[in-house]
């Protein structure tokens, strides 16, 4: 729906701009070009408002994972610490998301179209009911003049003729069974000749079907005020071109008489009207233009050039919209452009995560992903992540072998220094010529810890077990808290935080470190107790050690004692 609404607005704006140009040039063109060509130009614009909505012919087939949940806070509130690991992929959001804006806008647009068509449909039905009740078939000379006019104009189809006092001017209506309606029957034979010829021109050119197209365009673009000006201009140009067809080959005197008939046939402003009929009456300004055009005997040029320019303008805007929805049509020619776009998109996402800007993140997501995260983002007032630790920097990596994915590595920090690197995987989908983020994983810690266990299978088996993984997680939390001087988190990791053996002299200080190696001797692994050492490698060379003993009590690994050696 979002893509359709975007195309709809693009179409509405572009065709409105083209119509404004034609409106501005209309006074000049009316003096130089034949009316039928200008009428054709307006109908091209009307058709352009409706026809170019088409589905893309080529799309990108991309495998997308189930929509993951939003990026949740990686650190517990107020803890100031980094967990050892987080889930690689977030589970799908189970709660029903709020309705996104594009669905609300789409529902509003559909309601507007339905209301517009219902209004004009009911109005036309009421008009036909009134005509059926209050009109009567024409007889006598009126029918003879109609038959003579049909033969003269070469019209084979039969058209009805009725007298209806409820209408204020002659008109033709009816898509299947067309009928000419006259407000009265006392027209002279000469007046009838001009009036019926005018309405028969509408019938022969199928103008009622073109009016239906105008109504459809107005319904689709009901929100655009310009579309009503387009409909009005097209209706007036229709009458001008019909007048020109009636007076074609007639001298000045005949033109003058036709102008008088035109004015005399309209007794007042129309009482009952329908959008699906011709307009013998065109308003005061419209009638004035029509009279001047009827009396203008200058030879007009064919407006083929104008029609072609409007057609090219319409096709040009249609092509722009079509290209926007062609999927990989032009993109597949250069994979470098795709990688560049994905890198740019991943960079925008990472910057939004760094700034905790939920609105910016939301704008980069696909519609289904937006639906999945809407509740969570809005509940957090569109602010994601935590104030501490924060994202200090990030790196983007796009895999050329999997062009629908990228990896972002975030470097977190606190007020005391480095707080760990975390990697997040992004998946992309191309929709309507534009890449969007279609899925993302929870950031996963990039471990700087290596285990020196290759020489002993017993230790390796322990670390690969569920119990060993819990031990490593607890050990990682403790050493990270130590490295950033977070005494509060260190106490949470201790079995006896109040013991006098605990050394908290590093409070508020940080260790600038490069990587860690966990060393465990085979004899140090006991039942529910492990003694180990972290070798901490420093950026400038050298290292220091943190020796510690952990015991498993109550299902959790806690640090019993520790000692730092520099």
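The values are calculated or read from the model by the stated rules, or taken from the named source; none is laboratory data. This is a predicted model, so every value here is computed, not measured. Counting neighbours? That spans all protein chains shown, and the Cβs are built from the backbone with ideal geometry, glycine included.
Screening 472, 458 for residues that are farther than 23 Å from residue 409 by Cα and part of a helix (DSSP H, G or I) leaves exactly one candidate, 458. Taken together, the criteria place residue 264 among residues that are surrounded by fewer than 21 Cβ atoms within 10 Å (Cβ to Cβ), touching a residue at least 60 places away in the same chain (Cβ under 8 Å) and either at positive phi or over 38 Å from the mean Cα position of the chain (by Cα) (or both).
Somewhere in region 375-388, is a residue on the phi < 0 side of the Ramachandran plot and touching a strand residue (DSSP E or B) at 6+ places or on another chain (Cβ under 6 Å)?
From region 375-388, those on the phi < 0 side of the Ramachandran plot are 375-380, 383-384, 386-388; that's our starting set.
Filter once more, keeping what is touching a strand residue (DSSP E or B) at 6+ places or on another chain (Cβ under 6 Å): 388.
The answer is yes; a qualifying residue exists.
Would you check which residues across region 148-159 are in a loop (DSSP other than H, G, I, E, B) and within 13 Å of residue 201 (Cβ to Cβ) and list them? 154, 155, 159, listed by residue number.
One line per residue, one yes/no per condition, for (1) assigned by TED's automatic domain parsing to the domain that holds residue 419; (2) in contact with a strand residue (DSSP E or B) (Cβ under 6 Å, 6 or more places away or on another chain); (3) within 18 Å of residue 446 (Cα to Cα):
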position: 460; (1), (2), (3): no, no, no
position: 493; (1), (2), (3): no, yes, no
position: 506; (1), (2), (3): no, no, no
position: 513; (1), (2), (3): no, yes, yes
position: 521; (1), (2), (3): no, no, no
position: 538; (1), (2), (3): no, no, yes
position: 543; (1), (2), (3): no, yes, no
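Here is a list: 309, 295. Which entry is in contact with a helix residue (DSSP H, G or I) (Cβ under 7 Å, 6 or more places away or on another chain) and either modelled with pLDDT under 85 or closer than 24 Å to residue 234 by Cβ (or both)?
Selected residue: 295, the only one of 309, 295 that is in contact with a helix residue (DSSP H, G or I) (Cβ under 7 Å, 6 or more places away or on another chain) and either modelled with pLDDT under 85 or closer than 24 Å to residue 234 by Cβ (or both).
Taken as a whole, the structure leaves residue 476 outside the set of residues that are crowded, with 16+ Cβ neighbours inside 10 Å, under 53 Å from the mean Cα position of the chain (by Cα) and closer than 30 Å to residue 10 by Cα.
Here region 403-415 is the region considered, the condition is being within 26 Å of the chain's Cα centre (by Cα) and modelled with pLDDT under 85, and the residue that is surrounded by the fewest Cβ atoms within 10 Å (Cβ to Cβ) is 403. Can you spot a residue in region 530-546 that is in a strand (DSSP E or B), in contact (Cβ under 8 Å) with a residue 24 or more places away in the chain, more than 23 Å from residue 457 (Cβ to Cβ) and in contact with a helix residue (DSSP H, G or I) (Cβ under 7 Å, 6 or more places away or on another chain)? Yes, the conditions are met somewhere in region 530-546.
Answer yes or no as to whether residue 3 is more than 30 Å from residue 431 (Cα to Cα) and assigned to a helix (DSSP H, G or I). No. Please determine whether any residue of region 515-537 is closer than 20 Å to residue 485 by Cα and loosely packed, with under 14 Cβ neighbours inside 10 Å. No, the conditions are met nowhere in region 515-537.
Restricted to region 481-529, and to residues there that are over 24 Å from residue 413 (Cβ atoms) and in a helix (DSSP H, G or I), the residue that is farthest from the chain's Cα centre (by Cα) is 523.
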